[in-house]
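The values are calculated or read from the model by the stated rules, or taken from the named source; none is laboratory data. All of these numbers come straight from a predicted model, not from anything done at the bench. As a convention, Cβ positions derive from the backbone with ideal geometry for all residues, glycine included, and neighbour counts pool all protein chains shown. Just so you know, the surface numbers come from the protein's heavy atoms only, side chains and all, with ligands and any DNA or RNA stripped out. Shrake-Rupley method; radii C 1.70, N 1.55, O 1.52, S 1.80 Å.
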Amino acid sequence: MDSTANPSTTIDTSTVPRDVLVTGGRSFSEVSDDINRPLESFPTGRWWVCFGVALCAFSMLLILLGRTFMNGIGLWGLNEPMGWGTDITTFVFWVGIGHAGTLISAILFLFRQKWRTGINRAAEAMTIFAVMTAGLTVLTHTGRSWLAFFWLFPYPNQRMLWVNFRSPLLWDVFAVGTYFTISTIFWYMGLIPDLANARDRAKNRLRKGIYAVLSMGWNGSNKDWVNYEQAYLIFAGLSTPLVLSVHSVVSFDFAVSQLPGWHTTIFPPYFVAGAIFSGFAMVVTLMIITREAFNLKHYITMDHLEKMNKVILGTGSLVGYAYACEFFIAWYSGSKFEQFQFINRAFGPYWWAYWTMATCNVFIPQIFWFRWARRSVPIMFVISLFVNIGMWFERYVIIVTSLHRDFQPSSWGMYQPTWVDWGMFTGFTGFFFTCFLLFVRFLPTIAIGEVKGIMDQPKPQGGTAHA
């Protein structure tokens with residue numbers, strides 16, 4: 001700076017306001033105590049209630065799976081021409097839910113967004129459990145699931161039989177499998193320092209032994225941290241393309257077909273935007289419950305939630321734009337079949353599903369234009385629930401309205417889910433929440449090491465200095 005410049009024009013960076021990512025003036029030891037408390041204490045009554053409800057739903061799923069394997073998928077509402085229903089709808093829904101975890105962890109890490117530290121661990125776990133739920137859904141759809149691995153995976157054998165590599169359903173196996181593998185490794189690697197912290201604090205010999213095995217000999221040395229940060233960066237780079245590729249591949253299940261309503265090139269970016277939209281909504285839902293149930297408001301702050309609500313608003317607007325583009329392209333194409341398909345979506349027999357989708361995904365999130373709404377816990381919790389409902393109906397609309405009326409009226413039909421369909425959907429949701437509740441009970445929900453890295457640290461002379 002020129003020495004003759006007016007000192008009054010110089011910006012004092014110490015007075016520039018910035019987001020407070022950890023509130024309450026917590027010390028390093030208090031951070032460890034707060035985050036490890038759910039692991040070291042008896043579960044609260046609210047946790048037992050939530051876990052009991054989720055476990056009951058999961059138990060119902062096991063019963064319905066048994067009935068399905070014994071009697072076949074004829075128990076569902078599937079018919080001709082409706083070969084897909086709530087099963088594939090739920091599969092695509094849960095794959096989409098799993099996208100926000102990798103987005104928060106990998107992409108925000110590469111862009112050095114420090115506000116990810118309060119939510120990345122739970123979001124990563126949500127990714128893994130959502131992909132597990134999606135895999136269980138599609139395996140159930142195959143019928144005799146115990147033969148799925150035998151028939152779906154390509155390998156040479158005595159019968160010289162290979163799977164159809166041109167089928168996008170096979171691409172799903174590779175895409176979702178790779179995504180699950182990388183996400184699990186990425187999540188577990190981030191857990192290692194915190195597992196060592198839990199190991200050093202454990203008083204019970206069994207718990208100490210389990211955490212000692214899981215922490216893989218971590219001792220917190222400078223060499224450990226250097227190797228950890230290099231490996232974490234590499235896996236973040238590997239995970240980032242998967243955010244865009246996985247749901248694009250899932251969209252190919254529809255986009256490469258010739259069916260009106262599916263045969264469209266907008267599906268890959270449209271599905272990715274919708275996946276981020278629904279994934280962030282689920283993160284908001286889970287983070288609100290977690291911060292209230294385990295008193296983690298100092299680490300999952302209102303600033304974290306407000307930023308996620310901004311992402312929901314932005315991606316929701318993109319989804320609404322995609323809805324409008326679909327109608328425009330159907331008109332612009334001049335194809336009578338495409339034009340009829342989209343008119344049928346909005347005003348046909350399933351009009352109620354379409355307008356539920358549009359209301360929940362496009363209109364309701366617009367309230368987040370107001371700051372008071374973005375920082376209101378009850379409002380954001382309700383809207384996050386509406387978004388997840390709307391995104392499930394989006395997949396329902398895409399699948400059902402396109403299948404039930406295609407080129408020839410002679411092959412038209414109607415689809416009505418049975419109580420087994422709805423029961424299994426409830427059971428899959430129970431499976432997801434059972435896994436997540438076990439995670440918050442036995443593993444650190446927040447990345448302790450990363451939170452400490454962005455905290456203000458005391459100076460030797462007194463006062464504070466930003467780490």
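Each Lys or Arg adds one and each Asp or Glu takes one away; over the other residues whose Cβ falls under 12 Å from the Cβ of Phe252, this sums to -1. Of all the stretches in the chain, which is the longest one without any exposed loop site, taking trypsin sites (Lys or Arg not before Pro) in a DSSP loop (any state but H, G, I, E, B) with at most 11 other Cβ atoms within 10 Å? Result, exposed sites excluded: 204-467. Think of a 1.4 Å ball rolled over the protein heavy atoms: the chain then has 47 Å² of accessible area per residue.
Summing Lys and Arg as +1 and Asp and Glu as -1 over all other residues whose Cβ lies under 14 Å from the Cβ of Leu39 gives a net charge of +3. For the range 66-195, rounded, prolate or oblate, judged on the Cα gyration tensor with a ≥ b ≥ c (square roots of eigenvalues), a/c < 1.5 rounded, else prolate if a/b > b/c? Prolate is the answer for the range 66-195, as a/c is 1.5 or above and a/b outweighs b/c. In terms of distances greater than 25 angstrom between alpha carbons, the cross-link table entries Lys223/Lys307; Lys114/Lys297; Lys223/Lys297; Lys203/Lys452; Lys114/Lys208 yield Lys223/Lys307; Lys223/Lys297; Lys114/Lys208. Over the range 266-306, the fraction of Cα-Cα pairs per 5 Å bin, rounded to whole percents and listed from the shortest bin up, is 6, 22, 22, 17, 11, 9, 8, 4, 1. Across the chain, the mean sequence separation of Cα contacts (distance under 8 Å, 6 or more residues apart), normalised by length, yields a relative contact order of 30 percent. The calculated FRET efficiency for the pair Asp200 and Val256, based on their C-beta separation and a Förster distance of 41 Å, comes to about 0.20.
Considering only the Cα atoms of the range 166-281, their convex hull presents on average a projected area of 10.0 nm².
Alpha carbon centre of the range 389-426 versus the range 197-245: separation in Å? About 43 Å separates the Cα centre of the range 389-426 from the one of the range 197-245. Between 0 and 90 degrees, the angle of helix 86-97 with respect to the longest Cα principal axis of the chain falls at about 20 degrees.
Seen against the Cα atoms of the chain and their longest principal axis, helix 222-255 is set at about 20 degrees. Counted by Cβ distance under 12 Å from Ala293, the other residues give a net charge of +4, where Lys and Arg count +1 and Asp and Glu count -1. Tell me the angle of helix 120-141 to the major Cα principal axis of the chain, expressed in degrees between 0 and 90 and rounded to the nearest ten. Orientation of helix 120-141: about 20 degrees from the principal axis.
For the range 439-452, 3J(HN,Hα) computed residue by residue from phi via the Karplus equation (6.51, -1.76, 1.60; θ = phi - 60°) reads 4, 6, 7, 10, 10, x, 6, 10, 6, 4, x, 6, 5, 5 Hz, glycine and proline entered as x. Taking the Cα centre of the range 58-204 as origin and assigning +1 to Lys and Arg Cβ atoms and -1 to Asp and Glu Cβ atoms, the resulting dipole is close to 420 debye. Computed from label points 7 Å out along Cα-Cβ, the spacing between Trp162 and Leu385 is 5.1 nm. For the range 61-151, the set of chymotrypsin sites (Phe, Trp or Tyr not before Pro) satisfying both a DSSP loop assignment and a count of at most 14 other C-beta atoms within 10 Å is given as Phe111. Here the chain has 68 percent of its accessible surface on carbon and sulfur atoms, given a 1.4 Å probe and all protein chains in place.
On a per residue basis, the convex hull of the C-alpha atoms belonging to the range 206-269 measures out at 124 Å³.
Under 14 Å from a label point 7 Å along Cα→Cβ of Ser333: give me every residue in the range 243-266 with its amide N that close. Counting backbone N atoms under 14 Å from the label point, the list is 254-266. Fully extending the segment from Glu80 to Phe407, taken as 0.36 nm per residue of separation minus the present Cα-Cα distance, adds 116.3 nm. Mean projection of the Cα convex hull over all viewing directions, computed for the range 312-467: 15.0 nm².
Computed from backbone phi, the HN-Hα couplings of the range 206-216 come to 5, 4, 4, x, 5, 5, 5, 5, 5, 7, 6 Hz, rounded to whole numbers (Karplus: 6.51 cos²θ - 1.76 cosθ + 1.60, θ = phi - 60°; Gly and Pro given as x).
Calculated [222 nm] ellipticity per residue, helices only, for the chain: -22000 deg cm²/dmol; basis is -39500 (n - 2.57) per DSSP H run with n ≥ 4, divided by all residues, nearest 500. Computed over every Cα-Cα pair of the range 305-385 and binned at 10 Å starting from 0, the pair-distance distribution P(r) comes out as 18, 40, 25, 15, 3 percent.
Projecting the alpha carbon convex hull of the chain along each direction and taking the average yields 29.8 nm². Magnitude of the charge dipole for the chain, about its Cα centre and with charges confined to Cβ atoms of Lys, Arg (+1) and Asp, Glu (-1), is about 800 debye.
From most to least packed by mean Cβ count within 10 Å, the peptides 319-329, 261-271 give 261-271, 319-329.
A Förster distance of 56 Å, applied to the separation of the beta-carbon atoms of Phe363 and Lys223, puts the FRET efficiency at 0.55. Considering only Ala212, Ala281, Phe91, and ranking their Cα positions along the charge dipole of the chain that arises from unit charges at the beta-carbon of Lys, Arg, Asp and Glu, the one farthest toward the positive end is Ala212. The phi torsions of the range 47-58, fed into the Karplus equation with coefficients 6.51, -1.76 and 1.60 and a -60° offset, translate into couplings of 5, 4, 5, 4, 5, x, 5, 5, 5, 4, 5, 5 Hz, rounded to whole numbers, with Gly and Pro shown as x.
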